[in-house]
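The values are calculated or read from the model by the stated rules, or taken from the named source; none is laboratory data. The model shown is predicted, which means the values in this text are computed figures rather than measured ones. Counting neighbours? That spans all protein chains shown, and the Cβs are built from the backbone with ideal geometry, glycine included.
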Amino acid sequence: MCDESNVVYQVLEEKIAERGIKKAVIARAAGITPKALSNKLHGKTPFKWPEVQVIQERFFPDIDKDELFRATPAAAEKRDTD
């Protein structure tokens, strides 16, 4: 289990857990590795627009992209200081 305090995209992380979706399935659909998805969730690398579109449209069509990919302020600030 990941340390949620380090998750930049906490809404996305929570929705993945709530819906019981395996991150490997999301990564495969987005055309990235599970490690790359983890890096993106933790703000180490940015999401690309096609990845955002696939993840939202395929797994979370009922949630607006801006809400789903809203960065957690504390985590985003930490990332900016690293």
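List the pairs whose first member sits in segment 14-43 and is at positive phi, whose second member is surrounded by 14 or more Cβ atoms within 10 Å (Cβ to Cβ) and part of a loop (DSSP other than H, G, I, E, B), and whose Cβ atoms are under 7 Å apart, counting only residues at least 6 apart or on separate chains?
The qualifying pairs are 43/8.
Listed here are the residues, each with its yes/no results for (1) out of contact with any helix residue (DSSP H, G or I) (no Cβ under 6 Å at 6 or more places or on another chain); (2) outside any helix (DSSP H, G or I); (3) of a type outside the set (Asp, Glu); (4) crowded, with 16+ Cβ neighbours inside 10 Å.
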residue	(1), (2), (3), (4)
18	yes, no, no, no
25	yes, no, yes, no
45	no, yes, yes, no
51	no, no, no, yes
56	no, no, yes, yes
61	yes, yes, yes, no
70	no, yes, yes, no
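What number of residues in segment 54-63 are touching a residue at least 12 places away in the same chain (Cβ under 8 Å) and farther than 15 Å from residue 10 by Cα? Lay out the reasoning, then the answer.
Residues of segment 54-63 that are touching a residue at least 12 places away in the same chain (Cβ under 8 Å), as a first pass: 54-56, 58-60, 63.
Checking the rest, the ones that are also farther than 15 Å from residue 10 by Cα come to 54, 58-59.
Residues that pass the stated criteria total 3.
For segment 27-42, which residues satisfy the criterion of being assigned to a helix (DSSP H, G or I), within 14 Å of residue 13 (Cβ to Cβ) and of a type outside the set (Lys, Arg)? Explain how you work it out, then say what you get.
First, the residues of segment 27-42 that are assigned to a helix (DSSP H, G or I): 27-30, 34-41.
Checking which are within 14 Å of residue 13 (Cβ to Cβ) leaves us with 27, 34, 37-41.
27, 34, 37, 38, 39, 41, listed by residue number.
Take residue 30 and tell me if it is touching a helix residue (DSSP H, G or I) at 6+ places or on another chain (Cβ under 7 Å), modelled with pLDDT of 95 or more, crowded, with 17+ Cβ neighbours inside 10 Å and among the small types (Gly, Ala, Ser).
yes
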